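Values in this text are rule-based calculations from the coordinates and carry no lab data. Note that the coordinates shown come from a computational prediction; the quantities given were computed from them, not determined experimentally. Cβ atoms come from the backbone with ideal geometry, glycine included; neighbour counts cover every protein chain shown.
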Amino acid sequence: MLAGDESAFESFFDAAYPVLYRFALVRLGFNRDAAGDVAQAAICKAIGKLRTFRGEAALLTWLCTFCRHELYAFHRRNPGRFEVELAEDDREIRAALESLCGSMSEDLDTWLDHRTAASVVQRVLDHLPPRYAEVLEWKYIDDLPVQDIAARLGLRLKAAESLLTRARRAFRDAFHAIAPAWPLETDGRSKP
Amino acid sequence: MTHTHDSEQSPGAGVDRLGQLVKLAGRRPVPDAAQMLHARAAARLEWTRVVERRSWRMSFWLTAAAIAVAALGTIAWLAQRHSSIPAAHPEIATLEAVTGPLIVTAGGVSRSVTVAGVQLRAGDRIETGADTRTALRMLGGVSVRLDHRTSVILASESQLMLQHGAAYVDADSAASGAALHIATSVGEVRHTGTQFEVRLDGEVLQVRVREGSVAVEASGERWTSRAGELLVLARGHAPERRSIPTSGPLWSWVSDVAPPFTLEGATVPAFLRWVTREQGWTLEFSDASLRGRVDRIVLHGSIAGLTAEEALAAVLPTCGLTSRRESDRLIISAGQ
């Protein structure tokens, strides 16, 4: 991207901006305009500092750092507006989300209301490889049969099933890192 | 690679909690198309700046290494090299006409502009008010006019992002080889050498073609629209086509903010061509010999402040010519 590759820029923007937008959205009381502005400022700042990215952190983690700075700046400019306490902003939870290896043992119901839970699920999806997140959304939100997912991706049925399995596993591992007490295994089955 | 089927998905295996959780959370919210357009333009500018800076930095170090080896005449060379670095936000358009105050936002800073002649840079956003129209000339020569209550971002020399309102494009193929691509939240409009209007009202995109043809792309589909046609695209609805006139009240706002024509030194054919393009008319001469005669007439003076129609009435008599209109045809005859 730093070499001026147009397609690299497009791919980066398409992947990063919606994630930053969602990151800001839940922290700004779901104000879409404010989230769009903050995400835009964050991605511009990140691009400006792109050559300092060394890969020690995940790219998404690094990008979210800029978004946090922009959120702080936004709150300074607009005191009292859209202040949202988010469980995900808890240092421990954030570490879990970012490294996918943290620990938290409370039951999800006891510390997350529905919208916050939704935002955590969505953040977990954002941390998965994009293809995994897509197939999970197609399967469980759009109720697409695996055959249709296979057709959409140009895959054979078995390959689509395998992809879905890997996506489920990745999601389950990531989510378990945040809320280990929350059972994601199917009822009627014993936990591994 | 070993494939293991996920038994949790098996029918009859019980409640799929993972699936329930993902479903309960719902689809991840996405920024709307206008936000994406705006953010993409801003990010692209920053990226361009970074790439240019990096390119310059690399050139600098390579040059410095060469200096260390050669140690000859480097300071002057570096100064010359530095001065040739392109501006991070290049000037890509000029305001040619302004009917009232408009807002130009650059780098997050807004200013009011009330006069023509202002240079506009890539990334600038232009917003017209309820009583303001403006005309811009892109670097490639394409004329763009903005109606009341319009907001556009100049993404590059060849791309505008229409956020709302209406933009009229006059890409005279005889005067310019540049194509202009107009992006909106509903679809994208591409063309080469034509006159058309793109109007975005909420989620409804209207493309009116006055001359030539344009291609409109939206939701992965592509439609072509030709002169005298209105194409309406709205989310969730089938595209709609209607026939429209290429002159008359529908286009009158365009004349209100027409860029000035320089009469001094222009030939009569050039002047008549300008008038007919502005009005959406076709030009005819009452007899073929007259066309040859007017080619040699050079005009002097100014038509500043006059509309194309007023200028026609003022200029033709001074050349011994008269005109009459028959529908969209402007017919030029020798004066009495």
- Here D for segment B:121-204, in µm²/s, from Stokes-Einstein with a Kirkwood Rh over Cα pairs at 25 °C and 0.890 mPa s, works out to 195 µm²/s
- Task: Give the long-range amide H neighbours of B:A266: residues separated by 5 or more places, or on another chain, with amide H under 5 Å away, using H modelled in the peptide plane at 1.01 Å from N.
- Result: B:L299
- Query: Can you work out the FRET efficiency for the pair B:R329 and A:E6, with r the C-beta to C-beta distance and R0 = 51 Å, to the nearest 0.05?
  - Reply: 0.65
- What is segment B:260-334's relative contact order, in percent, from Cα pairs under 8 angstrom and six or more apart in sequence? 40 percent
- Query: How big is the Rg/Rh ratio for segment B:175-296, C-alpha atoms only, Rh by Kirkwood, two decimals?
  - Reply: 1.06
- Item | Shielding by partners - mean other protein chain Cβ count within 10 Å, residues of B:31-40 | 6
- Query: What are the radius of gyration and Dmax of segment A:1-56, computed over its Cα atoms and given in Å?
  - Reply: 12.4, 38
- Message: Ranking request for peptides A:13-25, B:246-258: highest mean number of other beta-carbon atoms within 10 Å first, then the rest in descending order.
- Response: A:13-25, B:246-258
- Give the calculated FRET efficiency between B:E203 and B:E310 to the nearest 0.05, with a Förster radius of 60 Å applied to their Cβ-Cβ distance. 0.95
- Message: Could you tell me the relative contact order of segment B:84-153? Use alpha-carbon pairs under 8 Å, at least six residues apart, and round to a whole percent.
- Response: 34 percent
- Quick one: if you take sqrt(5λ) for each eigenvalue of the C-alpha gyration tensor of segment B:260-334, what semi-axes come out, biggest first, whole angstrom? 18, 15, 10
- Query: Tell me, what HN-Hα J-couplings in whole Hz come from the Karplus equation 6.51 cos²θ - 1.76 cosθ + 1.60 at θ = phi - 60° for each residue of segment B:287-294, using x for Gly and Pro?
  - Reply: 8, 4, 5, 5, 4, x, 5, 6
- Query: Can you give the mean number of other chain Cβ atoms that lie within 10 Å of the Cβ atoms in peptide A:163-175?
  - Reply: 3
- Query: If r is the Cβ-Cβ distance from B:A288 to B:E264 and R0 is 45 Å, what FRET efficiency results, to the nearest 0.05?
  - Reply: 0.95
- Could you pull out every residue, at least 5 positions away or on a different chain, whose amide H is within less than 5 Å of the one on B:A116? Hs are placed 1.01 Å off N in the peptide plane, and Pro or chain starts have none. B:V98
- Quick one: which residues, 5+ away or cross-chain, put their amide H under 5 Å from the amide H of B:T282? H built at 1.01 Å from N. B:R329, B:L330
- Query: Taking a point 7 angstrom from the Cα of B:S219 along the C-beta vector, which residues in segment B:238-261 have backbone N less than 15 Å away?
  - Reply: B:238-241
- Query: Once the dipole of segment B:273-336 is set up with Lys and Arg at +1 and Asp and Glu at -1 on Cβ about the Cα centre, which of B:V298, B:W281, B:A308 lies farthest towards its positive end?
  - Reply: B:V298
- By its C-alpha gyration tensor, with a ≥ b ≥ c as the square roots of the eigenvalues, how is segment B:91-251 shaped: rounded for a/c under 1.5, else prolate for a/b larger than b/c, else oblate? prolate
- Query: If you average the sequence gap of Cα pairs under 8 Å that are 6 or more apart and divide by the length of segment B:91-251, what percent do you get for the contact order?
  - Reply: 13 percent
- Query: What does the average come to when, for each residue of peptide A:43-50, you count the partner chain Cβ atoms lying within 10 Å of its Cβ?
  - Reply: 5
- Distance between modelled label sites at B:D32 and A:T52, nm, 7 Å Cα→Cβ extension: 3.4 nm
- What ranking do B:215-224, A:26-35 get when scored by the average of other Cβ atoms within 10 Å per residue, highest first? A:26-35, B:215-224
